[in-house]
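Okay, so here's the structure we're looking at.
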Amino acid sequence: MTPIIDPNSERGRQMLKKVASEEPTTQGDPPPVARYRKKPVVVEAEQWFKNGDHSGDYAEDRDVLDDGHVQRISGDVARERGWEGSVVRYFRRPDVPGDQVCRHCGQTMHVHGWIDTKEGGHIVCPGDWIITGVQGERYPCKPDIFAATYEPA
């Protein structure tokens, strides 16, 4: 059985220091497992249900191609015209038909969104939370995981 080390105790700090100074081995027992607590970090989050729900979707002006000319329009005009949001965009992939049922939420893909992330991007199901992390990154989180992990600050 691998011992658990409390990194906050004097003995735990000594053991971790000893383990860190030892040469790694290819044989024998694995190094002891230390316990860590997630730092309490306040994040911003909004629940998303449909295109345009995120407060950042129409927060900035954007350049659009209109009749062969580039025009700058306001976020309000983009919202009025029903254009896709800039944070959670329309989900569209040529290899996934819009009437396909999502394996996560059971709704058709036509009502889903897409968010660009550091890892490339993720599908956003209606009801997912969009979290803005400590470095300004945005990512989706399923409602049950959000409820188990976050509480109002």
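The values are calculated or read from the model by the stated rules, or taken from the named source; none is laboratory data. Because the structure is predicted, anything quoted here is derived from the model rather than measured. Note that each Cβ is placed from the backbone with ideal geometry, even for glycine, and that neighbours are counted across all protein chains shown. With ligands, DNA and RNA removed, areas are computed over all heavy atoms of the protein, side chains included. Shrake-Rupley method; radii C 1.70, N 1.55, O 1.52, S 1.80 Å.
Miscellaneous remarks
- Residue selected from the stretch 1-26 under the condition open to solvent by 100 Å² or more (accessible area, probe 1.4 Å) and at pLDDT 65 or above, by the criterion nearest to Trp114 (Cα to Cα): Asn8
- The single condition from (1) under 25 Å from Gly113 (Cα atoms); (2) touching a residue at least 40 places away in the same chain (Cβ under 8 Å) that Val41 fails is (1).
- Filtering Lys38, Lys50, Lys142, Lys118 for residues that are of a type in the set (D, E, K, R) and closer than 30 Å to Gln14 by Cβ leaves a single hit, Lys38.
- Qualifying residue in the stretch 127-134 (condition: within 13 Å of the chain's Cα centre (by Cα) and farther than 14 Å from Glu44 by Cβ): yes
- Members of the stretch 133-145 found to be modelled with pLDDT of 95 or more and open to solvent by less than 50 Å² (accessible area, probe 1.4 Å), listed by number: Pro140, Cys141
- Residue within the stretch 91-110 that is touching a residue at least 24 places away in the same chain (Cβ under 8 Å), among the charged types (D, E, K, R) and under 26 Å from Gly133 (Cβ atoms) present: no
- If the condition is being farther than 13 Å from Phe49 by Cα and surrounded by 15 or more Cβ atoms within 10 Å (Cβ to Cβ), then the stretch 121-132 contributes His122, Ile131, Thr132.
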